[in-house]
Amino acid sequence: YSFRIESGRTDELGDLCSAFDSMTRGLEERTLMGRMLSKSAQKFSLQEADVDGRRMEFALLYVGIPSFESWMTSASQESLFADLREQVTMISKIIISAGGDIDKIIGERILAVFHSENNPAEAVAAACRAALQITAAEGRGALPFPTATAVNYGTVIAGFLGVGGKRDFTIIGDAVNVTARIESQAELLRYQRCLASELVLDLLPADVLAREHGEVELKGKAKPMKLYQLTTNSPSI
């Protein structure tokens with residue numbers, strides 16, 4: 001897609017050459033966008049009316065590494081970064097294969113979103129299965145670090161934030177903050193560190209099981225929130 005004719009002609013053949021250059025330039029930009037942006041970001045970038053943000057409902061998946069600070073003090077920076085890169089790559093592949101988008105990577109933490117038009121149960125099912133696949137990957141020793149995951153569902157504001165040409169697609173809202181705090185609670189578990197909010201409970205697929213974890217107090221919430229530990233009865237997850 002980087003090839004250009006650039007003939008400089010002013011006749012009909014020149015118009016054809018210019019049209020070809022314009023087409024290949026657009027294809028090149030679209031290919032680059034596909035490599036650099038998530039599906040959600042691509043969708044918003046093509047809908048100029050929506051770039052200021054709009055309300056959307058997402059299933060949210062937050063993935064972290066328990067006690068990551070201790071890993072930072074016990075390993076060299078080079079090996080730590082290499083292992084972290086491998087971890088992020090493998091987890092991202094699981095999320096994308098399950099139909100999710102990587103919204104952002106913040107150090108060792110990953111925020112992913114799952115969206116399905118008019119079908120929240122489908123989005124929640126995909127997020128839960130991705131979370132359990134990540135837990136299973138840790139269990140069989142396929143990840144360099146342990147993981148803690150949280151699944152939540154809620155309304156967020158989605159769009160681009162930034163100044164001038166430096167803008168980034170993001171989601172904001174209470175649901176995002178709650179998901180991150182649920183992940184912090186998951187880090188405290190000894191095993192099967194996968195917690196979900198009560199909002200997810202009624203949308204779970206048949207192959208995902210939920211055991212009541214109890215009520216916990218989350219920062220910024222006036223009332224305790226009931227959480228559930230997710231497991232599966234399906235060998236394919």
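The values are calculated or read from the model by the stated rules, or taken from the named source; none is laboratory data. What you see is a predicted model; the values in this text were computed from it and never measured. Using ideal geometry, Cβ is built from the backbone for each residue, glycine included, and neighbour counts are taken over all protein chains shown. Side chains are part of the model used for accessible areas, which takes the heavy atoms of the whole protein and leaves out ligands, DNA and RNA. Shrake-Rupley method; radii C 1.70, N 1.55, O 1.52, S 1.80 Å.
Taken across region 204-212, residues that are open to solvent by 30 Å² or more (accessible area, probe 1.4 Å) and closer than 22 Å to Ile105 by Cβ do not occur at all. Scanning region 65-99 for residues that are under 14 Å from Pro144 (Cα atoms) and touching a residue at least 24 places away in the same chain (Cβ under 8 Å) returns Ile65, Pro66, Ser67, Phe68, Trp71, Asp83, Leu84, Glu86, Gln87, Met90, Ile91. Residue pairs whose Cβ atoms lie under 7 Å apart, sitting 6 or more positions apart in sequence or on different chains, and linking a residue in region 100-127 that is over 27 Å from Phe81 (Cα atoms) and among the charged types (D, E, K, R) to a partner that is at pLDDT 95 or above and exposed (fewer than 15 other Cβ atoms within 10 Å of the Cβ), do not occur here. If you check Ala150, Ala180 for being under 19 Å from Leu132 (Cα atoms), at pLDDT 95 or above and in a helix (DSSP H, G or I), only one passes: Ala180. Of all positions in region 72-87, none carries a residue that is out of contact with any His (no Cβ under 7 Å at 6 or more places or on another chain), surrounded by 20 or more Cβ atoms within 10 Å (Cβ to Cβ) and closer than 21 Å to Leu209 by Cβ. Of the residues in region 133-145, how many are open to solvent by 30 Å² or more (accessible area, probe 1.4 Å) and either in a helix (DSSP H, G or I) or not aliphatic (A, V, I, L, M) (or both)? The qualifying residues number 7.
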